[in-house]
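First up is the structure itself, then whatever we jot down about it.
The values are calculated or read from the model by the stated rules, or taken from the named source; none is laboratory data. Note that this is a predicted model, so its numbers are computed, not measured. Positions of Cβ are generated from backbone atoms using ideal geometry, with glycine treated the same way; all protein chains shown enter the neighbour counts. The protein model used for the area step is the full one, side chains on, heavy atoms only, and it has no ligands, DNA or RNA in it. Shrake-Rupley method; radii C 1.70, N 1.55, O 1.52, S 1.80 Å.
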Amino acid sequence: MRDYTYLGGARFTVNNLFRSLRFDIDRLDMSWVDGEKPEFSRGFRIVDNDEANTVTVDGEDGDNLIYSLAYIFSKEDGADNFRAATDEYLKAALETKEYLVTSQKKDPEGRAEFAEAVVH
């Protein structure tokens with residue numbers, strides 16, 4: 001596996017932060033030396049291997065993604081439970097574009113619309 005990728009013609013180093021059977025989360029840091037700075041220069045890439053979908057996030061969404069991973073990690077016992085809870089969070093986050101786990105929507109009865117049970 002290579003440790004770099006190209007987005008919009010710019011080269012980014014790739015550091016894997018999370019891996020499960022379905023998802024990969026990578027930190028992307030641009031190797032940029034001259035010319036005009038691209039709009040996306042640092043952030044995260046979420047790869048959904050089941051749906052063949054890749055999303056890049058930065059700024060506030062990137063901050064919310066990392067906060068949510070740390071939050072889920074603190075609430076789950078064991079690596080398998082953490083992976084399962086993170087997979088459920090990422091399914092909801094990719095569908096709703098809401099990357100803060102504590103803000104994911106609930107149904108009228110107060111249950112998570114997605115399996116976001118890690119929060120409560």
ask   = Quick one: is Tyr4 hydroxyl-bearing (Ser, Thr, Tyr), surrounded by fewer than 16 Cβ atoms within 10 Å (Cβ to Cβ) and under 13 Å from Ala93 (Cβ atoms)?
value = no
message = Can you say whether Ser68 is under 30 Å from Phe40 (Cα atoms), among the polar types (S, T, N, Q) and modelled with pLDDT of 90 or more, as far as the supplied structure shows?
response = yes
query = Hey, does segment 14-22 have a residue that's of a type outside the set (Phe, Trp, Tyr), over 17 Å from the mean Cα position of the chain (by Cα), open to solvent by less than 40 Å² (accessible area, probe 1.4 Å) and at pLDDT 80 or above?
reply = no
inquiry  = Restricting to segment 23-47, name every residue that is among the β-branched types (Val, Ile, Thr) and either open to solvent by 80 Å² or more (accessible area, probe 1.4 Å) or part of a loop (DSSP other than H, G, I, E, B) (or both).
reply    = Val33
request  = Among the residues of segment 23-50, write down those that are modelled with pLDDT of 90 or more and among the charged types (D, E, K, R).
outcome  = Asp24, Asp26, Arg27, Arg45, Asp48, Asp50
remark   = Selection from segment 75-105 of residues farther than 18 Å from Val57 by Cβ and small (Gly, Ala, Ser) yields Gly78, Ala79, Ala84, Ala85
remark   = Taking segment 48-86 and the residues there that are more than 18 Å from Ser103 (Cα to Cα) and in a helix (DSSP H, G or I), the one that is least open to solvent (accessible area, probe 1.4 Å) would be Phe82
